[in-house]
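Q: Sharing a structure with you now.
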Amino acid sequence: GGCFNSDSVAAIDQAVADGVDVINFSISGTSTNFLDPVEVAFLFAADAGVFVATSAGNAGPAISTVAHPSPWVTTVAAGTHNRDGVGSVTLGGTTYNGASVATAIGPKPLIDSAAAAIAGATAAQLAQAALCYGAADGAVVLDRAKVVGKVVVCDRGATGRTNKSLAVQQAGGIGMILVNTSPNSINADLHFVPTVHLRSTDRAAVKAYAALSGATARINDSALVYNATAPQTAAFSSRGPLLGGNGDLLKPDLIAPGQDILAAVSPVGYYGRLFDVLSGTSMSGPHVAGLAALLKELHPNWSPMAIKSALMTTGSDVLLANGSPAPNTDPAVIFEQGAGHVQPNAAINPGLVFDSGFNDWLGFLCGTRQLTAAYCPSITIDPSNLNLPSIAIGDMAGVQTVTRTVTNVGGAATYTPSYTGMAGFKVDFEPASLSMAAGKTAQFTVKFTRTDAAALNAYGGGQLTLTAGQTKVRVPMVVRPVALSAPLQVSGNGSPINFDVTFGYTGPFSATPRGLIPPALEAGTVGQDPDQTFNPADPAGTIVLQVPVPSGTTYARFALFDADVAPGSDVDLYVYNEAGVLVALSGSGGSDEEVNLVNPPAGTYRVYIHGWGLPSTSSPFKLHTWLLNSTAVGNMSITAPASATVGTKGTIGISTSGLTPATKYLGSVVYGGVAGMPDPTIVRVDTPPP
């Protein structure tokens, strides 16, 4: 199942009213929208003094997949721990090592599930057989006559890992070899038949052997070890850079154990079991929630952000596969681990904390343009200046200074700043040291200046450390230098729009229009998906629309809106390219969904509308599609400076004419003058009704 946004918000509000100190939210969420209903509910929970731990998501190892972008929550990535179940399977004369808690069986006949489908299987059923669908997934597709008494090779994906072994058991199989189809974690789950989970690099050889006549498999006894290299980032754990806030916020915040966690479970959903081995950021979040509860008990006067700060600034680095510390100045490592792996005992006495509250968060929302000017009379702040124990600048034009304020929660001390990494940047601190009495606060600035060694549009990484004796307060830093800092999107209603850009170079400058164009609309009706699991091979609760994207398309947007569906509906959006590869998805808690593709390759795209949670059996929908090319239609004009000076701002003016009332238009502003300019700023104009 899952939760409607309205139910989640009600539960959060009730928990706050009940006086809780900590909330754990082991559910994914938005990657971009700080004003998502659940994120806003957590905003007020944090304002009420409640620490909120949220799951970063399980869409790794792809970058920019991290969920729960809000700074007032602690977004937790998933790592490994040193306890592991290791095992192996012998196929003929070759042994493959993997993850397992199995007892030995075999040798027994081996069959690939792709060859074990029921007679007369459709293409969809053949695909399900390769994934070992079973009754728990609503599709019995394995032929018992082919499977009885055999070890079965199953591909990972689409269905639960243990559901696959259950399907094998129900079809009469006695063992399973689970193989990854792409780089991902291998997990020692509690399966229904003896199972070994292998890496994707073993898949081709295993399936080739299974296709041979007389193929056999012996699953060997597994062992529980306590010396596994750990912590490492779990392959499934979602990564940054964050899509929301234009990269001016680091997420995830930190990392905690989340792979192969022995956990108490409800017997209702786990076949009568009271405990199971689970993996996901849904497991790492509760670790941090529990640590926050302990810190709150120890320091009852600490705010949620002080607790978050203590956990972040005392973190340690994840490890590489060879056991050495990962390079913590590599931005890719920072985007995996955030501030690092939690160290509970060190967090008890962090020395300094970075605190923030409601007005700071409101200023942040104003700075990200997610609140209108009416809400932001005097408190707008640059998102990079929010007082967090991390520094992120997603669009640094030449030079930028950030400000931080620290509170001394230890004894009187003098802290001296230093840093590692940040190759290609000059980094300056002011003041050179902070002398602080217990309980006092102090402010410092960090100025970043790009040198010629820093490539445009590529992140640099480093670690800032404030040191006083044996106390070290560590803050991760990620900075992306750009030729031009410009908003990703500006919006209006047909009245003139003005916005500022910041120049990262000196030289000529231009800004030209594309569009504006109205959307192509395609209406339909989608049904409720009974199992609430999207699968392009399963038509239940899913509508697929073919959308030709012509050559020369510079920007494609596919969108759904709450106003076009039945009230209370949760309809999601998935976009696949012509080759059948998922290119993007949008699955927020409601039906305001949006997928954007920059310079998409030409082809016929498949857009899937998925009825995840509907108040009745079906809901109408209306797909909006905009396909921008390089043409200026003539209904939008732009004014802009003719030249740029590094570190200065320029104002872009937009005016429109001849627009049809009650229409959602899309266009863009294209920048020129130097190599390395950012993607065009998208212009959305929703004209009012007549």
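Q: What list of ³J(HN,Hα) values in whole Hz, one per residue of region 19-35 in order, does the Karplus curve 6.51 cos²θ - 1.76 cosθ + 1.60 (θ = phi - 60°) give from phi, with Gly and Pro shown as x?
A: Result, ordered by residue: x, 5, 9, 9, 10, 9, 10, 8, 9, 6, x, 5, 9, 10, 9, 5, 9 Hz.
Q: Here's something else I'd like to know. Amide H to amide H under 5 Å from Ala188: which residues, 5+ apart in sequence or cross-chain, H placed 1.01 Å off N in plane?
A: Gly85
Q: Within straight cross-link reach of Lys649, meaning Cα distance under 19 Å, which aspartates and glutamates are found once same-chain residues fewer than 8 apart are removed?
A: Answer for Lys649, where 19 Å is the Cα cut-off: Asp248, Asp382, Asp395, Asp500, Asp679, listed by chain and number.
Q: Further question on the same structure: For the pair Val583 and Gln370, how long in nm is the line joining their label points, each one 7 Å along Cα→Cβ?
A: Each label point lies 7 Å from its Cα, and together they span 2.7 nm.
Q: Under 5 Å between amide H atoms, partner at least 5 residues away or on a different chain: which partners does Asn635 have, H built in plane at 1.01 Å?
A: Excluding prolines and chain starts, which carry no amide H, the hits are Leu516.
Q: Using Cβ-Cβ distances only, list the Cys residues of the chain with no partner cysteine under 4.7 Å, sorted by number.
A: That list is Cys3.
Q: If you don't mind, another one. Just checking my list (1) 170; (2) 180; (3) 148 against volume of the Cα convex hull per residue in Å³ computed from this structure; which label fits?
A: Working out volume of the Cα convex hull per residue in Å³ from the coordinates points to (1).
Q: If you keep only loop residues by DSSP, which trypsin sites (Lys or Arg not before Pro) in region 414-503 have at most 10 other Cβ atoms within 10 Å of their Cβ? Can you show the working numbers first?
A: On the way: sites: Lys426, Lys440, Lys447, Arg450, Lys472, Arg474; in loops: Lys440.
Loop-located and lightly packed - none at all.
Q: Oh, and also: Can you say what percent of the DSSP beta bridges in region 76-164, counting only those with both residues inside, are antiparallel? Round to 5.
A: Numbers: 8 of 11 bridges.
Of all bridge pairs located within region 76-164, approximately 75 percent are antiparallel.
Q: Under the Karplus relation 6.51 cos²θ - 1.76 cosθ + 1.60, θ = phi - 60°, what is the ordered set of whole-Hz ³J(HN,Hα) values for region 101-113, x standing for Gly and Pro?
A: These are the phi-based 3J(HN,Hα) values: 10, 8, 9, 5, 9, x, x, 9, x, 10, 9, 7, 4 Hz.
Q: With all protein chains present, how much of the accessible area of the chain (probe radius 1.4 Å) comes from carbon and sulfur, to the nearest whole percent? Write down the numbers at each step before the final one.
A: Numbers: 14940 of 27200 Å².
Carbon plus sulfur share of accessible area: 55 percent.
Q: On average, how much accessible surface per residue is there in the chain, in Å², for a 1.4 Å probe, leaving out ligands, DNA and RNA?
A: Details: 27200 Å² over 690 residues.
Here the per-residue accessible area is 39 Å².
Q: Using only DSSP helix segments of four residues or longer, with each worth -39500 (n - 2.57), what per-residue ellipticity at 222 nm results for the chain after dividing by its residue count and rounding to 500?
A: On the way: 11 runs with 104 residues, N = 690.
One gets -4500 deg cm²/dmol as the mean residue ellipticity at 222 nm.
Q: Set the bar at 28 Å for Cα to Cα. Now go through Lys164/Lys251; Lys251/Lys426; Lys296/Lys426 and name every pair that lies beyond it.
A: Details: Lys164/Lys251 33 Å; Lys251/Lys426 24 Å; Lys296/Lys426 39 Å.
Pairs exceeding the cut-off: Lys164/Lys251; Lys296/Lys426.
Q: Under a straight-distance cross-link criterion of Cα-Cα below 13 Å, which aspartates and glutamates are reachable from Lys440, leaving out those fewer than 8 residues away in the same chain?
A: Within reach: Asp355.
Q: Let me ask you something else. Is region 285-400 best put as rounded, prolate or oblate by its Cα gyration tensor, with a ≥ b ≥ c the root eigenvalues, rounded for a/c under 1.5, and otherwise prolate when a/b is larger than b/c, oblate when not?
A: Numbers: a/c = 2.65, a/b = 1.31, b/c = 2.02.
Verdict is oblate for region 285-400.
Q: Also, quick follow-up: Cβ neighbours within 10 Å, averaged per peptide: list 250-260, 562-572, 453-463 in order, most packed at the top. Intermediate results must be reported in sequence, preceding the final value.
A: Numbers: 250-260: 29.0, 562-572: 19.2, 453-463: 17.6.
The packing order, highest mean first, is 250-260, 562-572, 453-463.
Q: Quick one: 3J(HN,Hα) in Hz for region 478-485, Karplus 6.51/-1.76/1.60 with θ = phi - 60°, rounded, Gly and Pro as x.
A: 9, 9, 10, x, 9, 6, 8, 9
Q: Would you list, by chain and number, the lysines whose Cα falls below 17 Å from the Cα of Lys664, excluding same-chain residues fewer than 8 positions away?
A: Reachable lysines: Lys622.
Q: Quick one: putting +1 on the C-beta of Lys and Arg, -1 on the C-beta of Asp and Glu, what dipole do you get for the chain around its Cα centre, in Debye to the nearest 20? Walk me through the numbers before you get to the answer.
A: On the way: 33 positive and 45 negative charges, 264 e Å.
That gives the chain a dipole magnitude of about 1260 debye.
Q: Take the alpha-carbon centre of region 1-70, take the same for region 651-690, and report the distance between them in whole Å.
A: Going from one Cα centre to the other spans 33 Å.
Q: When the Kirkwood hydrodynamic radius is evaluated over all pairs of different C-alpha atoms of region 57-126, what value in angstrom, to one decimal, is obtained? Intermediate values should be presented prior to the final figure.
A: On the way: mean 1/r = 0.0576 Å⁻¹.
Taking the inverse mean of 1/r over all distinct Cα pairs, region 57-126 comes out at 17.3 Å.
The values are calculated or read from the model by the stated rules, or taken from the named source; none is laboratory data. Computed from a prediction, not measured in an experiment: that's the story for all the values here. Note that we place each Cβ from the backbone using ideal geometry, even for glycine, and neighbour counts take in every protein chain shown. Side chains included, ligands, DNA and RNA excluded: accessible areas come from the protein's heavy atoms. Shrake-Rupley method; radii C 1.70, N 1.55, O 1.52, S 1.80 Å.
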